[in-house]
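Contents: one structure, followed by commentary.
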Amino acid sequence: MNECEVLIVGAGPSGATCARILAHWGIDVMLMDRDQFPRDKPCAGWVTPAVFDALRIDPEHYRQGNLLQEIREFRTGLMFGKETRTDFGATVSYGIRRSEFDHFLLSNHTGRTLLGEEVRSVERTPDGWLVNGSIRTRLLVGAGGHRCPVARLLGAKPGRELAIAALVTEFEMGQAQQANCRLAEGHTALSFIGDSKGYGWLMRKGPILNVGLGSLGGTELRRRLNDFCAHLNRCGDLDGELGAPVKGHAYLPFRQRGGRRIVGDRALLIGDAAGLAYPESGEGILPAAESAIMAAQTILCASGDYRPRWLEPYAAFIAARYSGGQGALGKRRVPARVQQLGARVLLGNVWLTRHLVLDRWFLHREQRPLVPRAVPK
């Protein structure tokens with residue numbers, strides 16, 4: 001029988017970060033994941049500097065052995081329409097490979113890990129939980145993504161929630177493809193669907209090309225991605241067929257009302273399991289990191305008492321931190337024609353594109369930094 005103070009289910013960015021902090025401060029924590037690492041993770045694979053700041057990672061240190069592509073310029077516009085170029089003249093974001101990034105965070109965790117085992121059963125005990133009949137824990141932390149079993153335990157119904165669905169592929173281009181690709185290294189193209197509920201993207205990270213499309217509700221996702229890729233071929237951004245299989249995933253945009261319950265009795269959720277993706281962009285790595293940090297600080301302050309009253313400060317922080325946005329992927333009640341007109345005006349204006357779409361919705365440059373007091377260097 002394995003016993004631990006805290007069992008974290010899911011070893012992605014949120015789970016690995018929370019486990020790393022708790023282990024550093026002396027908490028007996030076990031990190032569990034159904035996959036072995038390194039693993040492939042379908043994702044656009046970009047992070048803002050705020051992610052590195054929150055996790056207290058030196059980008060130059062990370063670059064040693066891992067891909068880190070500075071992003072300075074964006075092309076934005078309605079899909080198949082005219083594009084606007086925005087050159088920031090400085091690094092405002094980074095392109096990463098998720099397999100490397102997740103493995104890097106996991107390797108910094110000094111506590112126990114249990115990889116290659118999925119959650120098959122969860123039972124209540126007088127002082128906590130019994131997982132898979134062999135792991136006893138006083139606190140259960142769900143960090144297993146959209147379909148996390150701990151989220152289901154707290155009432156989540158992944159099949160019935162209005163989620164963002166995405167299809168993505170990432171592959172290394174051959175020499176001919178690199179020579180013919182119109183998109184320069186470190187440049188990113190964002191092509192928005194006319195109903196403002198999704199967008200396609202193309203990101204070049206050195207020889208690596210990442211192509212994908214996401215949409216709220218995932219309507220006709222495969223057809224839209226095929227049309228988008230055909231358009232990229234005609235424009236010269238994509239040379240021939242995709243070099244790797246397309247993979248799908250889903251995640252929830254944050255909603256303060258009608259969202260997931262993220263705190264229960266001796267249980268809480270972080271990252272995608274909590275449904276914290278930004279509604280404007282669908283990006284979830286920064287919320288994953290920040291939620292992991294705040295969850296760890298809440299757990300430390302609880303001093304072993306994991307009843308809801310001592311975990312609720314975490315839920316209050318999440319509500320305050322992420323309740324301000326309802327952008328491109330978050331609109332539901334605005335009539336389609338109004339959305340389309342608004343998208344044309346927004347994406348056709350250089351100032352609005354830079355300061356609203358990019359600065360606010362995608363780069364989150366107006367958001368106050370999170371001071372990561374508990375995060376070890």
| task | For region 122-132, state whether one or more residues are assigned to a loop (DSSP other than H, G, I, E, B) and of a type outside the set (D, E, K, R). | result | yes
Taking region 140-160 and keeping residues assigned to a helix (DSSP H, G or I) and either among the small types (Gly, Ala, Ser) or within 20 Å of Arg124 (Cα to Cα) (or both) leaves Pro149, Val150, Ala151, Arg152, Leu153, Gly159
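If I ask for residues that are among the basic types (Lys, Arg) and part of a helix (DSSP H, G or I), which ones from region 49-68 would you list?
Selection gives Arg63 alone.
Restricted to region 115-141, and to residues that are among the acidic types (Asp, Glu) and over 23 Å from Leu311 (Cβ atoms), which residue is surrounded by the fewest Cβ atoms within 10 Å (Cβ to Cβ)? Walk me through how you get there before you give the answer.
So in region 115-141, the residues among the acidic types (Asp, Glu) come out as 117-118, 123, 127.
Applying the additional criterion that residues be over 23 Å from Leu311 (Cβ atoms) yields 117-118.
Numbers: Glu117: 14, Glu118: 12.
The extreme case among them is Glu118.
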Looking across region 14-51 at residues that are buried (at least 22 other Cβ atoms within 10 Å of the Cβ) and of a type outside the set (A, V, I, L, M, F, W, C), the single one that is modelled with the lowest pLDDT is Gly45
Subset of region 207-232, residues more than 20 Å from Asp195 (Cβ to Cβ) and at pLDDT below 90, comes to none
Picking from Arg354, Arg337, the residue that is of a type outside the set (A, V, I, L, M), surrounded by fewer than 22 Cβ atoms within 10 Å (Cβ to Cβ), assigned to a helix (DSSP H, G or I) and modelled with pLDDT of 90 or more would be Arg354
Residues of region 164-190 being surrounded by 23 or more Cβ atoms within 10 Å (Cβ to Cβ), farther than 19 Å from Arg97 by Cα and not β-branched (Val, Ile, Thr), in sequence order, are none
Considering region 77-99, residues that are more than 27 Å from Asp195 (Cβ to Cβ) and among the hydroxyl-bearing types (Ser, Thr, Tyr), and then whichever is surrounded by the fewest Cβ atoms within 10 Å (Cβ to Cβ), we arrive at Thr91
Taking region 88-133 and keeping only residues that are of a type in the set (S, T, N, Q) and closer than 26 Å to Trp25 by Cβ, one is left with Ser107, Asn108, Thr110, Thr113, Thr125
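Just checking, which of Ala54, Ala11 is crowded, with 16+ Cβ neighbours inside 10 Å, touching a Pro at 6+ places or on another chain (Cβ under 6 Å) and hydrophobic (A, V, I, L, M, F, W, C)?
Unique residue meeting the criteria: Ala54.
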Pairing a residue in region 103-132 that is basic (Lys, Arg) with any residue that is modelled with pLDDT of 95 or more and surrounded by 15 or more Cβ atoms within 10 Å (Cβ to Cβ), where Cβ atoms lie under 8 Å and the two sit 6 or more apart in sequence or on different chains, gives Arg112/Cys4; Arg112/Val29; Arg112/Met30; Arg112/Leu31; Arg120/Asn132; Arg124/Leu130
Per the filter on region 162-216, residues more than 14 Å from Gly243 (Cα to Cα), in a strand (DSSP E or B) and not aliphatic (A, V, I, L, M) are His187, Thr188, Ser191, Phe192, Gly198, Tyr199, Gly200, Trp201, Lys205, Gly214, Ser215
Taking region 248-270 and keeping only residues that are modelled with pLDDT of 95 or more and either in a strand (DSSP E or B) or under 10 Å from the mean Cα position of the chain (by Cα) (or both), one is left with Val263, Gly264, Ala267, Leu268, Leu269
Residue hits (region 353-368; out of contact with any Asp or Glu (no Cβ under 6 Å at 6 or more places or on another chain) and under 28 Å from Ala296 (Cβ atoms)) are Phe362, Leu363, His364, Glu366, Gln367, Arg368
Residue count, region 271-307, condition surrounded by fewer than 20 Cβ atoms within 10 Å (Cβ to Cβ), small (Gly, Ala, Ser) and not in a helix (DSSP H, G or I), comes to 2
Picking from Glu100, Glu60, Glu83, the residue that is among the acidic types (Asp, Glu), touching a Lys or Arg at 6+ places or on another chain (Cβ under 6 Å) and over 17 Å from Met294 (Cα atoms) would be Glu83
Scanning region 40-71 for residues that are of a type in the set (D, E, K, R) and in contact with a Ser or Thr (Cβ under 6 Å, 6 or more places away or on another chain), the one nearest to Arg204 (Cα to Cα) turns out to be Glu70
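The values are calculated or read from the model by the stated rules, or taken from the named source; none is laboratory data. All values derive from a computational prediction rather than experimental measurement. Positions of Cβ are backbone-derived with ideal geometry, glycine not excepted, and every protein chain shown enters the neighbour counts.
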